[in-house]
Structures are given as structure tokens and as C-alpha cells.
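A short write-up of the structure that comes next.
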Amino acid sequence: MEIVYVYTKKRAEFGRQCNFTDRSAELHVDILPDPSLAENFIERNPVDSGIQCVQEMSEHEVNTERFETGSRGINHTEGGWPKDINPQEVEQVTRFRKKVEKDEMYVNTIHQLGTIMEHCIKQNNAIDIYEEYFEHVHLDEVEESPSAKTINVFRDPNEIKRTATHISWFPDGPRKLAVAYCNLEFQGSSPDTSMDSYIWDVENPNKPEMTLKPVSPLVCVEYNPKDSHVLLGGCYNGQIAYWDVRKGSQPVEMSPIEHSHRDPAYKAMWIQSKTGTECFSASSDGQVLWWDIRKMGEPTEKLILDPTKKLDMTKAQGAMALEYEATMPTKFMVGTEQGTVMSCNRKAKTPAEKIVAIYPGHLGPVYSLQRNPFFPKNFLSVGDWKARIWSEDIRESSIMWTKQYQSYLTDGCWSPIRPSVFFITKMDGTLDVWDIIFKQNDPTLSLQVCDEPLHSLRVQEQGRLVACGSHTGTTTLLELSDSLYTLQRNEKNLVTAMFERETRREKILDARHREMKLKERAKSSADGGKEKEEEGGEEPLAGDEDLYQKAEDEFWSIINQEKKNIEKKKDAEMDKADPGKQSPIPEDQEQEAAGEGEKK
């Protein structure tokens, strides 16, 4: 039924009726021109007027209010039954069905739908809709240039911003990531600074999915690969804590302060174990501690990072980075504040033997350390202004390294899918992607993520998504192009050959360096012996710097000699080609002749 409302009004209230008629134009006012006014004007000649042929457009911006979404569960139940019938009762359901099946409308509807369905079934039988017509034809893959695009940005929700110091991906797919927030500047935090860290849903940047509430700001956070509900965290005050997201935001248990680190716990990692409850942590206090989250009262084991292997706490080097590979459960590596990389074995017979090897890595702290997922003997270290690739067999120097950057490096890691690709973050806010098969001198892709320093980096297991954390707590989620996370043809063999070649080269150079060192020592000792016989004195041995300088001088003298030989050959060839040509007078002879002429 239509709802109609009729408006009524008296005719008198409308006013006088308007009547329009046609008539000729009438002249009401005629103003004659005044010649005196013309003196006040200047004639424009020529007259330029711009005409826009394109249709004029207007731009309008609207800043809408941010919409917050929330995830809630829904209980699905069987529907479509009348209110008086319980679908759980078999008798009621059977009685209702019999009643409906006897209805004429039901029978007619079934007949009508049956003919339509019969037609569709016959059509499907006649034509295979899933047939692949061009299955045997292979498309030529177009090589796209490496690129990355920003998918989402997760900002620290607090007013006082903190640094995103560490990122950990959810182990069961790229759905969530945990981010640790902490101000690492000594006494740089105000009392109002929040201590919370967050777990973010990848698709919802507006609000964190969960808040972690530690007693001290988290420096690092790590998901348990065996149980995705459990997270491990290292605090700024040195304590180690773990969370179970099913039990809320508060930590389930924490290590007591008296048995914890004395400095911030910069790295905490899970260990491959049957129970999935063992972990270990490292700090700038020079200790590595092993824990079992079932008993957090005290560490199960301890290692002091003393390079002299005397376990002297006063000589211990502070740890900044940890590396642990599940395929080698007893081995681990530590990157120190002094720039060295220590290779350790947990199951050594004595504590002094636990530090197996020391690599002289960088000029500053080692911020990142990771073994290549495909070639565990080769590992990546990031510190100062270079990233280096090492081989376990060579302790003196790295086998490959990046160019000297202008900006300080902050973090780095390997691609989990491609053995030749690794990522680096820098203080100028750029993310560099290196592909050592494609280019060794420059990064394959350099991306300006933000205008502030980047501090943390983590690549998802599938290799497609990269998360970068910045100085003000902004975590940027990037999606890489296919070429950067798709394994290339014959890539593993090429990388193997490259690593072996570079390792061989470094071994030859080290052997040559040792040989020169021995020769110099022998010569110095011989000279020293003669002088000792004559004067009773002793000459100090030549240092490494003198040896390097000598080798460099020898190298350049050989190069210069080769250049002279090439020039002489060219001159000889020119003389042969033109025998009548007078050979040039040397400069010294020419000056002598000029001097004699002046005397005369």
C-alpha cells in the first residue's frame, strides 16, 4: 500500500499570477561616450589572452575518520527450520520432512529444478570445462626488474615513540608479527615512556592484536617455532621472560634479577630440543646464558665470552648478536661489541674449549650474524660500514664483502629461499637487497623505506615479505617482486662455485702473507744476529704493516716497469714503421746544447 500525503494551500496565498508576453526591445538609458575619460586608459596592442582547451577540473580532499576493526568469533548453527521444530530431535525432523514432501508446491519445484539440473549435467558431460588447451605450450618468462612495494605500516601507538628493536614472524604463516619496542639510548627514556610491545595482525595496521606487558622494555622478542602461542623476550634490565598468548598480556614467568644479565639482553633465541622449552640469551655484559622456561629460577648453563679463554669476566667481550642453526644443535656464534665473531661449541669438554674460533670481523659492534640457510659453513656479519661473508675454514679474513657505505649499517639477514640474496638496513633509512650472482659491487635493489634510521629487519619464511623497524617505532611491511624470492635455475651450483672460488683465493693470499712474514722474520733475525755479534744489540721484528707496505711497493714497482716496457715497444715499432724519421733528442741533451749555444 502506497502512503500518500496531499499538501493543500489556498489560491489567495500564492500571490499575483505572473503573465509573460512577447514585445520588442526598449531603450531605457543612453550614456554618451566622454572623450576626457579616454586619457586615463592605455591601449593594449597586441592583446594576449590564454585559452584553455582542456576541460577544467576541480580537486577535493576529504580526511575521513579512521575506522577500527575487531576480530570476533561467530557460532554457526543449522538454520532454516521453523521455531517449533528442534533440528537435534530426529523424530521432529522426520515428521516435518514427510509433511513438506507431500506438499504439491514442493513436488512441482523439484520437477522444475530437476529439468534445469539435468540440462547442466548433460552439458558438463558433453564439454570438459576443465580441459587445458595449451598445456604443452611454455610461455617465455619476461625478466622483470627487481622491485618492492609497501603493503602496510605499523606505527607505535604511544605518544612517546620508541625504537622497533626486534621483529619476529608468526611461525605458522605470514599472518602476524611480534615487534619489540625499546629506547636504547642510555637514560634517554622519560618516566612516561611506555614499556609495552605488541603483536600485529598483518592486515590490520590500526590496532595491535595483542599487547605484551613486561616489567622492563623488551629489546628482543622471538616466537617459539614449535609452539606458536609462546614467545620469548629479552628485557632492557637483563631479565629473560616468556609469554603464552592464551594466558594474557602478562609474562608467565621471568628470570630473577640476581641470576639474569647485568646489561640489556640484546638477543634471545630458542634451541632445538625435544621439549621445545630450551633457549639461550646473550648480553653486552659478556655472558651467554642457557635457560629452560619450565624452570626459570636460574640458568642451566653459563659461558663467559673471554677471548683469552681464561673465563675472566673483566676481559669478557659484550655480545650484540647471536646465531643458531637448528641443523647444528651444539654450535652457535656470537657477534661482540669489539667487532669480533666468536664460533662456539656448547658441548666442549672444558669451559675454555667452548670458544672454538675467533674471526676479526668489524671496526665496530657486530649487529647481525646469520649462517646461509643453504650453505651453513658460510655466514653473514653486519657491522660498521660493511657487510661481510665468511667461511668457517678461514679465520684471518672474510671471503666476500660489500662496498664501503657512507651510512652506518644496522642489521642484515639472508633470504630463506634464495642462497645468493641477502638484505641490509642502514642509518639513512634505506634497505639494500644484494644478489651476489647478479652483481658483486653494488646492491641489486636499494629502497628508501623512510627518512629515519632503520634498526631491525626480518624476512618471512616464504621469502616474499620483509619487515623493517625504524628509530621511531614504525614497522614497514614490504612485498618483494617475484625474481627476489623465486629460486633461479642452477642458482645453488653457481653460489657453491662462487664460495669455493673465493675461499680458495683467500687461502692463497693468507699462505702468501705467512710466507712473506716468515721471510721477513728470518731476515730480521739474521741481521739482528750480526748486529748482536758486533754491538751486542737486538733488532725488533718487522710488523704486519711493514710487510703490507713492502708488498704494496713491490706490486706498484712491477706495474710501473711493465708500463715502461710497453712504451719502449711502442717507440721501437714506430721507428721501424718510419726509418727516415729523426729520433727525438732527449731532454737532457737538448738542455746541454742550448747552454753551449748561449755561451758561444
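The values are calculated or read from the model by the stated rules, or taken from the named source; none is laboratory data. Please read all numbers here as calculations on a predicted model, not as lab measurements. Cβ atoms come from the backbone with ideal geometry, glycine included; neighbour counts cover every protein chain shown. Heavy atoms of the whole protein, side chains included, go into the accessibility calculation; ligands, DNA and RNA do not. Shrake-Rupley method; radii C 1.70, N 1.55, O 1.52, S 1.80 Å.
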## Note on the structure
A correct Kirkwood calculation over the Cα atoms of region 207-291 returns a hydrodynamic radius in Å of 12.9
### Message
Report the gain in length on full extension from K519 to A352: 0.36 nm times residue separation, minus Cα-Cα distance, nm rounded to one decimal.
### Response
56.8 nm
### Message
Sort F332, F438 by heavy-atom solvent-accessible area, probe 1.4 angstrom, most to least.
### Response
F438, F332
### Query
When only Cα pairs under 8 Å and 6 or more residues apart are kept, what is the percent relative contact order across the chain?
8
### Summary
Among GluC sites (Glu not before Pro) in region 164-267, those in a DSSP loop whose Cβ has at most 15 other Cβ atoms within 10 Å are E185, E203
### Summary
The FRET efficiency for E298 and V93, from their Cβ-Cβ distance with R0 = 45 Å and rounded to 0.05, is 0.10
### Student exercise, the chain dipole from Lys, Arg, Asp, Glu Cβ charges, in Debye to nearest 20
2800
### Task
Return the FRET efficiency for the residue pair T275, E325: r is the Cβ-Cβ distance, R0 is 25 Å, and the value is rounded to the nearest 0.05.
0.85
### Task
Give me the orientation-averaged projected area of the Cα convex hull of region 243-286, in nm², one decimal.
4.1
#### Entry: Whole-angstrom gap from region 1-72 to region 271-346, using each part's C-alpha centre
80
### Query
What whole-number value in Å² describes the accessible area per residue of the chain for a 1.4 Å probe?
68
### Query
Hey, what D do you get for region 409-449 in µm²/s if you plug the Kirkwood alpha-carbon radius into Stokes-Einstein at 4 °C and 1.567 mPa s?
126
#### Entry: Largest-first ellipsoid semi-axes for region 176-224, taking √(5λ) over the Cα gyration tensor eigenvalues, angstrom
22, 12, 9
### Query
By how many degrees, 0 to 90 and rounded to 10, does the Cα axis of helix 491-535 deviate from the longest principal axis of the chain?
30
### Query
Evaluated at 37 °C with a viscosity of 0.692 mPa s, what Stokes-Einstein diffusion coefficient in µm²/s does region 277-361 have when Rh comes from the Kirkwood expression over alpha-carbon pairs?
253
### Query
If you take the Cα atoms of region 1-58, find Rg, then find the Kirkwood Rh from the mean of 1/r over all pairs, what is Rg/Rh?
1.32
### Expected 222 nm ellipticity per residue - DSSP helices of 4 or more, -39500 (n - 2.57), all of the chain, to 500
-7500 deg cm²/dmol
### Task
Could you tell me what percent of the accessible area of the chain is made up of carbon and sulfur, with a 1.4 Å probe and every protein chain present?
51
### Task
Please report, largest first and rounded to whole Å, the three semi-axes of the ellipsoid equivalent to region 320-422, where each semi-axis is the square root of five times an eigenvalue of the C-alpha gyration tensor.
22, 16, 11
#### Entry: Greater than 23 Å apart at Cα, pairs in K309/K386; K274/K377; K267/K302; K274/K347; K439/K550
K309/K386; K274/K377; K439/K550
### Viscosity 0.890 mPa s, 25 °C: Kirkwood-radius Stokes-Einstein D of region 131-239 over Cα pairs, µm²/s
149
## Note on the structure
For 102-108, 298-304, ranked highest to lowest by mean beta-carbon neighbours within 10 Å, the order is 298-304, 102-108
### Message
Would you report the distance distribution of C-alpha pairs in region 367-516 as whole percents per 10 angstrom bin, up to the bin with the largest distance?
### Response
11, 41, 34, 12, 3, 0
### Message
Bin width 10 Å, origin at 0, all Cα-Cα pairs of the chain: what percent of pairs per bin?
### Response
3, 11, 16, 15, 11, 10, 10, 9, 6, 4, 3, 1, 1, 0, 0
